[in-house]
Amino acid sequence: MCPRTQQQFDQIRSQSIQNISDAALELFADRGYSGTSIAMIAKKAKISKGLIYNYFDSKHELLVHIMSNAFELVHDFIDEDDLQKNEPREVFSKTIKDALELIDQNKGYFRLLTSLMLHPDMLDEMLEIGNLAISRAQRFSKELFVKLGSDDPDRDAYLLDSMLDGIGMYIIMGYNTKPIDDIHRYICDKFLLKRNQH
């Protein structure tokens with residue numbers, strides 16, 4: 001039997017980290033951070049507790065890793081070049097559809113972030129980790145409304161973000177009964193039709 005190559009070791013390491021992260025994310029999202037133990041994560045991932053400590057020094061470090069992944073999704077979702085190259089109404093429509101799909105396809109991440117927001121001892125650290133992604137999203141929203149000709153881009157960006165937060169909550173909690181396409185159409189009508197009337 002040939003010895004494993006460095007590439008194979010790296011692949012095994014990457015798969016193990018992903019397996020542990022997936023198990024921890026599901027438990028953190030369902031049971032909360034405080035209600036989840038390393039033993040529970042190990043059982044869910046079908047590995048030993050010791051193997052988890054090969055990759056993460058503590059449960060907290062594992063949480064930070066997962067939060068970083070979640071905010072990376074948000075950061076990468078924002079396409080500032082799209083705003084410079086395409087018609088603002090098209091960018092608005094695409095951004096809303098993509099945002100709703102991002103939430104729908106990553107419910108675990110967003111349930112975890114929502115639960116952490118309710119814990120003052122976790123909130124500051126979460127905001128620090130997500131600062132770059134949050135700032136980028138807020139800047140993008142405001143610039144989009146500037147290009148749409150809003151008379152108050154800050155207000156409209158705030159209203160849109162609040163609307164998406166509320167709808168996102170329904171989606172991640174499983175309360176949403178409306179198809180994503182219908183929600184997308186409603187938001188576009190709410191913000192874009194209003195502009196046609198001015």
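The values are calculated or read from the model by the stated rules, or taken from the named source; none is laboratory data. The shown structure was predicted, so the numbers you read here are calculated from the model rather than taken from an experiment. Positions of Cβ are backbone-derived with ideal geometry, glycine not excepted, and every protein chain shown enters the neighbour counts.
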| remark: Looking across segment 125-176 at residues that are touching a residue at least 12 places away in the same chain (Cβ under 8 Å) and acidic (Asp, Glu), the single one that is farthest from Asn106 (Cα to Cα) is Asp154
| request: Keeping to segment 173-185, report how many residues are farther than 14 Å from Thr95 by Cα and outside any loop (DSSP other than H, G, I, E, B). | output: 2
| task | Look at segment 65-121 and say how many of its residues are buried (at least 17 other Cβ atoms within 10 Å of the Cβ) and of a type in the set (D, E, K, R). | result | 2
| request: Specify which of the listed residues (Ser141, Ser162, Ser135) is part of a helix (DSSP H, G or I), assigned by TED's automatic domain parsing to the domain that holds Ile96, within 15 Å of Asp98 (Cβ to Cβ) and hydroxyl-bearing (Ser, Thr, Tyr). | output: Ser141
| Has segment 58-68 got any residue that is touching a Phe, Trp or Tyr at 6+ places or on another chain (Cβ under 8 Å) and over 23 Å from Glu128 (Cα atoms)? | no
| task | Could you look through segment 122-139, keep only residues that are charged (D, E, K, R) and over 20 Å from Asp156 (Cβ atoms), and pick out the one that is surrounded by the most Cβ atoms within 10 Å (Cβ to Cβ)? | result | Glu125
